[in-house]
Amino acid sequence: MRIVSLFSGAGGLDWGFLKAGHQIVWANDNFEVAVETYKQNIGAHIVLKPIEKVKNSEIPSCDVVIGGFPCQGFSVANRKRTAKDKRNTLYLQFLRILKAKKPKYFLAENVKGLLSLEQGKVFEAMINDFSKAGYKVKHTVVNAADYGVPQKRERVIILGTRKTEDKEIDFPAPTHCSPGKANLNYLKPWISIGEALKGIPEPGNAANLPNHTCSKYKLIFNGHIGHRRIDPTKPAPTVTGRGDGRGGVVVLHHPKNHRRMSARELATAQSFPLDYNFYGSQSSAYRQIANAVPPKLALSLALSIPRD
């Protein structure tokens, strides 16, 4: 299927669609270092440009539009979240392109906090907008750990099928579950963060691993985000990042709890391949990784797209 990717970032979502056999015909983002990362790992078809400045005529025809419109305005981590936050209007650009290109399907990803913004009124308006644009819409909350990602990361997935289509896009069935339920459900147990990182040596002992440098920040254990003890026998907590570009980033502790994870290790927690190279500074790499869709989750979602 021909895929147009919006708000592509470092390419986590697109990686999954490529691995599923789809073709990314056009991609876009406004974060320069993430675009360079995308070019190095995915391809040169990505366009660095604010989406609101992209004309409909610049975007090729496609079968599917995918994208995670920026979520920081929606996140519960943003205590000042409001419907007036300008980042919350970027979904209208997603909608504009849907109306212009009329793909068979669309897939949007966002934080779970989107569902409760303004007592659910914002999400309800979005669903109504997509329906009026000619799509049958469904949504659910998925946990990335249920798809082989060594991280508990809940996200809302919105799927749309053009009302003229017979085959409807649907959510992928989980492949993993909590260890206590694995035998009951005939699924694989969740992948723990300790298991995922066991083959990665300490920074400085693996010159061939890209982005394997870590923060020298002194560890604090107070239970808050970025200051929690990590249980090596469980998937990691949600990888988070600051979206405003100021200050540092929130980085999880290593499962041995002796330092913070390197960017390489955090990318592994997101299920990126070891050879996926992130362009830019260490802080920028952390941000790109934290804002990405986990590639293994993306692959499961991509495999759910009906084929012609």
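The values are calculated or read from the model by the stated rules, or taken from the named source; none is laboratory data. Remember, it's a predicted structure, so these values are computed and weren't measured experimentally. Here Cβ is always computed from backbone atoms with ideal geometry, including for glycine, and neighbour counts include all displayed protein chains.
Criterion first (surrounded by fewer than 24 Cβ atoms within 10 Å (Cβ to Cβ), at pLDDT 95 or above and not hydrophobic (A, V, I, L, M, F, W, C)) does residue 273 satisfy it? Against the criterion (surrounded by fewer than 24 Cβ atoms within 10 Å (Cβ to Cβ), at pLDDT 95 or above and not hydrophobic (A, V, I, L, M, F, W, C)), residue 273 qualifies. How many of the residues making up the range 148-193 are in contact with a Cys (Cβ under 9 Å, 6 or more places away or on another chain) and either hydrophobic (A, V, I, L, M, F, W, C) or part of a loop (DSSP other than H, G, I, E, B) (or both)? Residues meeting the conditions: 3. Checked against the criteria, residue 73 does not count as part of a loop (DSSP other than H, G, I, E, B), modelled with pLDDT of 95 or more and farther than 20 Å from residue 135 by Cβ. Looking at the range 96-132, which of its residues are of a type in the set (Ser, Thr, Tyr) and over 16 Å from residue 63 (Cβ atoms)? Scanning the range 96-132 gives 116, 131. Within the range 273-286, is even one residue of a type in the set (Phe, Trp, Tyr), more than 17 Å from the chain's Cα centre (by Cα) and farther than 22 Å from residue 40 by Cα? Scanning the range 273-286 turns up no residue that is of a type in the set (Phe, Trp, Tyr), more than 17 Å from the chain's Cα centre (by Cα) and farther than 22 Å from residue 40 by Cα. Of the helices (runs of 4 or more DSSP H) lying entirely inside the range 194-308, the ones with 1 or more residues being under 21 Å from residue 178 (Cα atoms) and of a type in the set (Ser, Thr, Tyr) are found at 263-269, 295-303. Report yes if residue 182 is over 23 Å from the mean Cα position of the chain (by Cα), buried (at least 17 other Cβ atoms within 10 Å of the Cβ) and without any contact (Cβ under 8 Å) to a residue 40 or more places away in the chain, otherwise no. When the stated conditions are applied, residue 182 does not pass them.
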